[in-house]
Structures are given as structure tokens and as C-alpha cells.
Amino acid sequence: MTHDHQSRRFAFQGGPSAFEEPLPVGQFYFPELGEYRASMEGIFDREYYTNHGPIAQELELHLADFLDVRHVIVLSNATIGLTIAALALELEGTVVTPAFTFAATPQSIVWAGLRPVLADVDPVTHHITPATIDRVITAETQAILAVNLWGGASDIEALTSYAAVHNLRLYFDSAQAFGCAYNNTPVGRFGELEVFSFHATKILNATEGGCITTNNDQLAAKVRAIRSSYGIDTPASVPLKTNARLSEAQAAIALMSLASFHANRRSNVNLHVLYRELLREIPGVTVLKPSGVTDSNFQYLILSIDSSEFGCTRDRLLTLLHNENIIARRYFYPGIHRVMPIMQHITPAEAGYPVTEALSDQLLQLPIGARVTADDAALIATVIAGIGHAHRGSEMEFA
Ligand code: T4K
């Protein structure tokens, strides 16, 4: 099959696009319509559609079992989950978080009435470390919001000891780390709490959704009280309440998605192995392995492009891939310190964010997941190899 692809002419060679339809980077593992219809019939029969309904409760129990954690509180999305987390922790002052993350991470801190302080990340793991945090903490810093990125994890032990020594609270944005394990322990029970996303692009998908996990009873009660008053088992006083409920229809999708987690993860593993093999010999292309974990969801296929070796910049490659209907994305571009409107809420570190800047220019996310077949991966690899070859063969292109 790869041989067939190699004899084709693609858009970058003046031929047709590699794919007839756009292939998005999103990883859409979705339940069968028939299964979903059956769940919806139950919801319609009960005439109970939201607010800690029976399916949401069942989901919380299943997730607590899956993640081996005392409390799971399901929510409408991870962005509001992160905001609720900061409110439930009753933080004050500043919160250190990575410069290299999705905008929702620092935005949640601002929504909670706090000020984010950005730390640069480690060039290999892409996570914040005690060394990068050390450069930006001040007497006002009260907490660390670490991010577990690309189906990997931060050095949780190092961060936990650092937080203890400096008397800082620690919680995690694990939006991308559902189903991962750190030291053979499921991500979800570290720090004071963790927040997951069930967005359509995540391995556990509720279309929109998320959850907070914690082993702390009092904190769980606070989170439940802030989300909505239903389901509180312990009375809790909280600074403010909101509506962050997950509807029954969303919870039903999440439950079905959870049931197929292992199959979906296996499919990701196969694609990861295949992509790594197919892209191995292309100069200037490195496929990242999830770092810091003993087990990953393998939901993120991230390439690092060394433009001088590859022959053109990451951005030029991205444009050419889009012309082929391969809708790769550059996450996270540019760094948070350059993204409006969040950058207005941040005082940039004097030393800047050199690693974040470099990663923002080098990384590319490729399609992976249910919509991607082995043949698609082979076609994508052939196109990338061809683009690199064409640029190296002609004048070097760095525009
Ligand atoms: N912290 C971290 C570290 C995160 O990565 C995220 C979210 C959060 C916090 C916050 O979680 P949530 O509040 O979202 O629960 C996406 C997602 O919206 C976001 O969930 C994700 N991380 C972020 C990294 O990427 P977009 O704008 O790039 O994705 P979107 O919706 O454009 O989807 C990608 C492509 O997939 C689309 O261009 C088309 C296709 N697509 C998308 C959807 C939603 C479909 O074909 N079908 C679909 O249903 O932000």
C-alpha cells in the first residue's frame, strides 16, 4: 500500500490532495448510534435530563473505580472544572502554571480571581519542574497548577516534595491524561485534586464534559456544592456556586466511551507504533513518546520538526499538509504569554520562555484515533517524507 502511495502525485507536487475529505486531528471515538439511542430512550422514559441524574451518578461510580480514587465529580467541561478547583481550594495570591499549555489552564486561574504566574517547561518532557518553578515563585505564590501533557505526566514525586518544602498547594490539569498511570498508579489521585476533560477530542468523550477527582472528602463536598447542590454528602461552605452540571445525555456518551476505553487505547497504541516506524527515517522528524508515565492513553501523536534537517519549517509543512487535507495542528501556538486575552493577565518572566517558544515553533499534532486507518497513517507518512525530500532537494526553505 505504501508503495502505491509513493507512485502518486500529491498537492505539493501539483497533483490532487492526498485525502479527498479533510482528516481532522481530533480523535473521535464515538459510540454506535444504536447504543446511544437505547440510552436516550431510558432518559426519556425517566423524564430526568440533568442535575446529578442516575446516569451521571453511575458514571461517577464507574470512574472512581476505574481511576481508583475516592471521589469523582462530573462536570460540564474541564475549563470550568479547573476554575471550580481553584475556588474549592480557596486559594489566594498567585498560582504557578506552565507557559506551554492550553489557554484554559491559566484562564481558569483568572476566572477564579487569582493571578497566574507562568513557568517555562523542560525541553524534553514539556512539563514544569522544580527548577523552572523556582525561577518564578515569589512570596505571593500559594499554589502550583501542573499540567500532565500529551498522555504523559509531570514528575509528580518531585513536584509533590517541592510543594511540601515551599508550603505550596498542588493540583493538576490532567485534561490530556485520562487513563494514564504514573509509577503504575492511575493519574487522578495526585496532588489535592486533578481535573480531566471529556471533550470530543479526548480518549474519554462526552462531546463536552470533564471531572474532578480527589481523595479528600471535604474538598469533594466543596466541589459538589460549587458545581450544583445535588449530590453533596457532607455540608460544605463555599465562596460561590455555579452551574457546571453534566447532562444525562452527555453522561450516557461518557459511560459508553469508558466501556470502550481499552479498545480505543489499543487502537491508539497500534497507530503510535505504526507512525513511529513509518516516520523513523525521515530526517528532522521525531515522534514524541509520552513522558513520565508507566502507561499512556497514546491519544496524542506529536512530531517535533527540526527545520534545518527536515528541509522546511514546521509552519510550511503544516500549510502543505492542510493542502493535502491532512488537518494537522500546532498545539500550543503561540505560548500562553503571547495569546490574547490571557496574556493581559500575566506579567512575563524576565528571562522569557525560551523552551516554550521553541516548542511552539517545532511541534505538530497529527491525526490519530478512530478515523485514522493504518493506510491513512502510511499515506500521511509518505506525504511528510515527500515534502521533506522535495525541500531538501531544492533550495532550502525556511520561510
Ligand atoms: N487543559 C488542557 C491541557 C487541555 O488540553 C484542555 C483542552 C483543557 C484544559 C480544557 O478542556 P475543556 O474545557 O475543553 O474540556 C481543543 C479542544 O476544544 C480542547 O478540549 C483541547 N484541550 C484543546 C487542546 O484542543 P480545538 O479548538 O483545537 O478543537 P476543535 O474543537 O477545533 O477540534 C479539533 C478538530 O476536530 C476540529 O477542527 C474539527 C474536528 N472535530 C471537532 C469536534 C469538536 C470534529 O470532527 N468533530 C467534533 O465534534 O480545541
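The values are calculated or read from the model by the stated rules, or taken from the named source; none is laboratory data. All of these numbers come straight from a predicted model, not from anything done at the bench. Neighbour counts run over all protein chains shown; Cβ positions are idealised from the backbone, glycine included.
The table below lists the values:
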| item | result |
| --- | --- |
| Residue selected from the stretch 306-336 under the condition part of a strand (DSSP E or B) and β-branched (Val, Ile, Thr), by the criterion surrounded by the fewest Cβ atoms within 10 Å (Cβ to Cβ) | Ile327 |
| Qualifying residue in the stretch 266-275 (condition: surrounded by fewer than 20 Cβ atoms within 10 Å (Cβ to Cβ), at pLDDT 95 or above and closer than 24 Å to Asp122 by Cα) | no |
| Extreme residue, nearest to the ligand (Cβ to nearest atom), among residues of the stretch 122-166 that are polar (S, T, N, Q) and touching a strand residue (DSSP E or B) at 6+ places or on another chain (Cβ under 9 Å) | Asn148 |
| Residue match in the stretch 165-175 (condition: of a type outside the set (Lys, Arg), touching an Asp or Glu at 6+ places or on another chain (Cβ under 6 Å), outside any loop (DSSP other than H, G, I, E, B) and at pLDDT 95 or above) | yes |
| Some residue of the stretch 87-96 being within 12 Å of the ligand (Cβ to nearest atom) and in a loop (DSSP other than H, G, I, E, B) | no |
| Test: residue in the stretch 243-253 that is surrounded by fewer than 17 Cβ atoms within 10 Å (Cβ to Cβ), closer than 16 Å to Leu82 by Cα and not charged (D, E, K, R) | yes |
| Test: residue in the stretch 27-35 that is of a type outside the set (Phe, Trp, Tyr), within 14 Å of the ligand (Cβ to nearest atom) and touching a residue at least 24 places away in the same chain (Cβ under 8 Å) | yes |
| Unmet criterion (only one of (1) out of contact with any helix residue (DSSP H, G or I) (no Cβ under 9 Å at 6 or more places or on another chain); (2) within 16 Å of the ligand (Cβ to nearest atom)) for Asn243 | (1) |
| Top-ranked residue in the stretch 97-113 [being outside any helix (DSSP H, G or I) and surrounded by fewer than 24 Cβ atoms within 10 Å (Cβ to Cβ); ranked as nearest to the ligand (Cβ to nearest atom)] | Phe102 |
| Test: residue in the stretch 40-57 that is farther than 27 Å from Arg338 by Cβ, of a type in the set (A, V, I, L, M, F, W, C), within 14 Å of the ligand (Cβ to nearest atom) and in contact (Cβ under 8 Å) with a residue 24 or more places away in the chain | no |
| Selected residue (only one of Val293, Val339, Val287 is among the aliphatic types (A, V, I, L, M), crowded, with 20+ Cβ neighbours inside 10 Å and within 20 Å of the chain's Cα centre (by Cα)) | Val293 |
| Criterion: of a type in the set (A, V, I, L, M) and more than 23 Å from Ile133 (Cβ to Cβ) - qualifying residue of Ala56, Ala78 | Ala56 |
| Hits in the stretch 176-203 (condition: near the ligand (Cβ under 8 Å from one of its atoms) and either among the charged types (D, E, K, R) or in a loop (DSSP other than H, G, I, E, B) (or both)) | Gln176, Phe198, His199, Ala200, Thr201, Lys202 |
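Rundown of residues vs (1) free of Cβ contacts under 8 Å to residues at least 40 places away in the same chain; (2) of a type in the set (Phe, Trp, Tyr), yes/no style:
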{"residue": "Ile253", "(1), (2)": "no, no"}
{"residue": "Ser267", "(1), (2)": "no, no"}
{"residue": "Tyr275", "(1), (2)": "no, yes"}
{"residue": "Leu279", "(1), (2)": "no, no"}
{"residue": "Ser291", "(1), (2)": "no, no"}
{"residue": "Leu301", "(1), (2)": "no, no"}
{"residue": "Glu309", "(1), (2)": "yes, no"}
{"residue": "Leu317", "(1), (2)": "no, no"}
{"residue": "Glu324", "(1), (2)": "no, no"}
